[in-house]
1. If you filter region 225-333 for chymotrypsin sites (Phe, Trp or Tyr not before Pro), then keep DSSP loop positions with at most 16 other Cβ within 10 Å, what is left?
2. If you keep only loop residues by DSSP, which chymotrypsin sites (Phe, Trp or Tyr not before Pro) in region 81-157 have at most 14 other Cβ atoms within 10 Å of their Cβ?
3. What do you get for the angle between helix 344-354 and the principal long axis of the chain? Use alpha-carbon atoms, 0 to 90 degrees, nearest ten.
4. Take the alpha carbon atoms of region 320-353, find their center, do the same for region 247-263, and report the distance between the two centers in whole angstrom.
5. Compute the longest continuous run of the chain that contains no exposed GluC sites (Glu not before Pro); treat a site as exposed when its DSSP state is not H, G, I, E or B and it has at most 15 other Cβ atoms within 10 Å.
6. Residues with amide H under 5 Å of Thr133's amide H, sequence separation 5 or more or different chain, H placed in the peptide plane at 1.01 Å from N; which?
7. For a footprinting-style exposure proxy, rank Leu386, Leu22 by other Cβ within 10 Å, fewest first.
8. What list do you get for His392, His329, His408, His226 if you sort them by fewest beta carbons within 10 Å?
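No lab work stands behind these numbers, since they all come straight from the coordinates. The shown structure was predicted, so the numbers you read here are calculated from the model rather than taken from an experiment. Using ideal geometry, Cβ is built from the backbone for each residue, glycine included, and neighbour counts are taken over all protein chains shown.
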Amino acid sequence: MTQVRSELSRYLRTETVGGALLLIAAALALLWVNSPLRDSYTAMAEAVFAIPPLHLEMPLAQWVSDGLLTVFFFVAGLELKRELVIGELADRRRAALPILAAIGGVVTPALIAFVIGFGQPGMDRGWAIPVATDIAFALAVLAMTGSRIPAGARVFLLSLAVVDDLMAIILIAVLFTASVSMLWLVTAAASLAGWALAQQRRVSTPLVYLPLALLSWYALHEAGIHPTLAGVLLGLLTRVRTDPGENEAPAARLEHLIQPISAGLCVPLFALFASGVPLDGKVFGQMFSDRLALAVIAGLLIGKTVGIFGVSWLSVRLGLTKRPAELGHRDMFALSVLGAIGFTVSLLVAELALADVADGSPAELAKAAVLVTSMAASLAGSALLLRRGRVHQAARDARAQERDDREHRTSDDAEAVPGKGEGSIK
């Protein structure tokens, strides 16, 4: 358990830095696309790169969202596997709370978005835009403003976001697969089975795993399924328990190696290409009048908060789950607001669901709604966390003062008893 806590601490530190880089990349994209240099941004994003032997030809922005983002989901899959097997989620009652909260945080915003946006072009799949919580962004906000909140908050938010993103990826695989090539699907399954077999046989050379990973990604792409699913599946198939005499399990080694690349390069690059949304008076006007944008805003800000907190509160009240140690309902509400930060995956779903609708303007409007709502959720969550942090710090100070007073009284009593203390008469 000490090793698990150490791994969790390292993960959180890396994701915090990654979250800060994500914010910088998003801000850069917004400044770039809303400046006189916007044409250079568009040219870069739409530059086509091809691998002729594999018949792969995609714009740079798609290479980032389909390729580099797979690395991010691989790390998320590794983290989820570790939490499920040897971490906080290995205990069923502890695991139940973030899992049920994640389900509430997916179903509620989807229903709200569907009802508000019903009949709008693209909303047959656009209701899935507000279902995901951004791991890096949310953890970065928690680290910066919730340092005085008990550590259980970080475990809860991390577990919630990982389960949440896994469900979002499953939705992506289901919703955005028009037709499936069975031959390539079988190839993908075979490559995944080869990865699992190599793990079982304790194969350690990357000369086996790298080709299997690339083949599974390519096979899912050719099968018509969004290839980021390969990252999650490979992560879940990786061994997390150490063998006798083994210093680190493969999952831990891979996290050490790949997570800094994911948090420091892959996610910020995705944010750079996904956040390039024109934000002018026209966009802001449409954002609060267009039903599609309102569906995204309400789904994220209201749906995620109500879904996560409502299910958490109800499950604890019914005795189905147990809150993390030292966390109250108000702490859980603050964390639920952070769950409304739907940056990375929400932007990805917006691109997939709405890119071909009309002239692409609905996708731009939905992405603007995601950006603005995520920022609002981060500010509101930060304010709540700072307030709760002061409450927890005051309680810790009061307990410390009570201990000091008790020790002082014990010392005074000892000096007053004959035969004890410096001034006693023997």
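1. Of the chymotrypsin sites (Phe, Trp or Tyr not before Pro), the ones in loops of region 225-333 whose Cβ has at most 16 other Cβ atoms within 10 Å are Phe288.
2. Those satisfying the criteria are Phe118.
3. 30 degrees
4. So the separation of the two Cα centres works out to 25 Å.
5. 1-245
6. Asp165
7. Neighbour counts put them in this order, fewest first: Leu386, Leu22.
8. In order of increasing Cβ crowding within 10 Å: His408, His329, His392, His226.
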